[in-house]
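Colleague: Below is a structure I'd like to ask you about.
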Amino acid sequence: MNTTLHTNGITGRTRYHKSTFDKISEERKKRIIAVATSEFATNGYNASNINTIAKKAEISIGSMYSYFASKEDLFLTIVDECFGVLESVLYSIDTEEGDIFYTLEKLLRASRHYAIKYPEFNQIYLDVTTQALSKFSSRLSHKLEDITANFYMDILESAQESNLIDKNMNYNVASFCIDNLIIMFQFSYTSDYYRERMKIFTGYDTIDNEEMVINEILKFMKKALI
């Protein structure tokens, strides 16, 4: 059975559900998305079962397969939801409002907000980055990283043109470093492992003192960029 791809979002991402999924009620769509998100976030892709998802969503397995050709397509649809939310968080930041360091501060705060408000989405994002899901790497890495890479490179290039940061710096590499810092900070508010990791490196009281951590990360970024 062929999957209908639906273009969505600022970056022209595709959706992997069939056209029949578009015809059901919003309440039914939201229920399926919510149940699938919870299952994938809790159990991971490999341990999740599409029959279980259908049962918890109170639909028949036949109906589920009329919306999605496979568990993989259902998962990719959920991942697309995650990307859509992440994209909306990024593009809610007005880069014209202040200089690059003001934008970076907003990014740090937004990443923490995303992790706390959407812990299941963030957990799926974390799961996608593991070697266990390497079969998705070639497709999903570009879908996700293009969102952030383009954003960072744009603000860094603009800052160089405005003489706010080192003009000789390779802004592609700099964007990679900044993204790593922000991703680690974001994961520290979702993953138990990364939360403990943050405590070990920065002190056991820092998880509740995000203002200090944000300010110190910003200081580090500023010294690296100027």
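The values are calculated or read from the model by the stated rules, or taken from the named source; none is laboratory data. Please read all numbers here as calculations on a predicted model, not as lab measurements. All Cβ positions, even for glycine, are placed from backbone atoms using ideal geometry, and neighbour counts span all protein chains on display. The area values use the complete protein model at the heavy-atom level, side chains included, leaving out ligands, DNA and RNA. Shrake-Rupley method; radii C 1.70, N 1.55, O 1.52, S 1.80 Å.
Colleague: Can you give me the % of accessible surface on the chain that is carbon or sulfur? Probe 1.4 Å, all protein chains present, nothing else counted. Let's see the in-between values first.
Modeller: Numbers: 5930 of 11670 Å².
Result for the chain: 51 percent of the exposed heavy-atom area is carbon or sulfur.
Colleague: In degrees from 0 to 90, rounded to the nearest 10, what is the angle of the helix 171-187 Cα long axis to the longest principal axis of the chain?
Modeller: For 171-187 against the chain, the angle is about 60 degrees.
Colleague: Now for a different question. Rounded, prolate or oblate: pick one for the range 95-176, where a ≥ b ≥ c are the square roots of the eigenvalues of its C-alpha gyration tensor, a/c under 1.5 means rounded, and failing that, prolate if a/b is larger than b/c, else oblate. If you can, show how the numbers build up before the last one.
Modeller: On the way: a/c = 3.31, a/b = 1.61, b/c = 2.06.
Oblate, since a/c reaches 1.5 and b/c is not below a/b.
Colleague: What are the ³J(HN,Hα) couplings of the range 51-68, residue after residue, when phi is run through the Karplus curve with 6.51, -1.76, 1.60 and θ = phi - 60°? Round to Hz, x for glycine and proline.
Modeller: 5, 5, 4, 4, 5, 5, 7, 6, 10, 6, 5, x, 5, 4, 6, 7, 9, 9
Colleague: Scan the range 132-200 for trypsin sites (Lys or Arg not before Pro) in coil per DSSP, keeping those whose Cβ has at most 16 other Cβ atoms within 10 Å, and list them by number. Before the final figure, lay out each step's value.
Modeller: Numbers: sites: Lys135, Arg139, Lys143, Lys167, Arg195, Arg197, Lys199; in loops: Lys167.
Answer by residue number: Lys167.
Colleague: What list of ³J(HN,Hα) values in whole Hz, one per residue of the range 18-31 in order, does the Karplus curve 6.51 cos²θ - 1.76 cosθ + 1.60 (θ = phi - 60°) give from phi, with Gly and Pro shown as x?
Modeller: Going residue by residue, I get 7, 5, 5, 5, 6, 8, 8, 5, 4, 4, 5, 4, 4, 5 Hz, with x marking Gly and Pro.
Colleague: Hey, can you rank 56-66, 73-83 by average C-beta count inside 10 Å, highest first? Before the final figure, lay out the partial values.
Modeller: Working: 56-66: 14.7, 73-83: 22.9.
Those peptides, ordered most packed to least, come out 73-83, 56-66.
Colleague: At 1.4 Å probe radius, can you tell me the per residue accessible area of the chain in Å²?
Modeller: On the way: 11670 Å² over 226 residues.
Roughly 52 Å² per residue, with all protein chains present.
Colleague: Further question: Using the Cα centre as the reference, give the magnitude of the dipole from point charges on the C-beta atoms of the chain (Lys, Arg: +1; Asp, Glu: -1; all else neutral), rounded to the nearest 20 debye. If you can, show how the numbers build up before the last one.
Modeller: On the way: 25 positive and 31 negative charges, 178 e Å.
Around 860 debye, computed over the chain.
Colleague: Ok, one more. Given the options Thr129, Met184, Phe101, identify the residue whose Cα lies farthest towards the positive end of the charge dipole of the range 99-226 (+1 on Cβ of Lys, Arg; -1 on Cβ of Asp, Glu).
Modeller: With unit charges placed on the Cβ atoms, the residue in question is Thr129.
Colleague: Only helical DSSP H runs with n ≥ 4 go in: add -39500 (n - 2.57) per run for the chain, normalise by residue count and round the 222 nm mean residue ellipticity to 500 deg cm²/dmol.
Modeller: Values: 10 runs with 153 residues, N = 226.
It comes out at -22000 deg cm²/dmol, rounded to the nearest 500.
Colleague: Roughly how far apart, in whole Å, are the Cα centres of the range 36-50 and the range 154-226?
Modeller: So the two Cα centres are separated by 31 Å.
Colleague: For the chain, restrict the atom set to alpha-carbon positions and state the Rg and Dmax in Å.
Modeller: Just the Cα atoms of the chain yield Rg and Dmax of 19.4, 60 Å.
Colleague: Which of the lysines could a cross-linker span from Lys23 if the Cα-Cα distance has to be under 24 Å and same-chain partners fewer than 8 positions apart are dropped?
Modeller: Partners within reach: Lys55, Lys56, Lys71.
Colleague: Can you list residues from other chains, or at least 5 along the same chain, whose modelled amide H is less than 5 Å from the amide H of Tyr16?
Modeller: Result for Tyr16 returns His6, Thr77.
Colleague: So what's the angle, to the nearest 10 degrees on a 0 to 90 scale, between helix 119-128 and the longest Cα principal axis of the chain?
Modeller: 90 degrees
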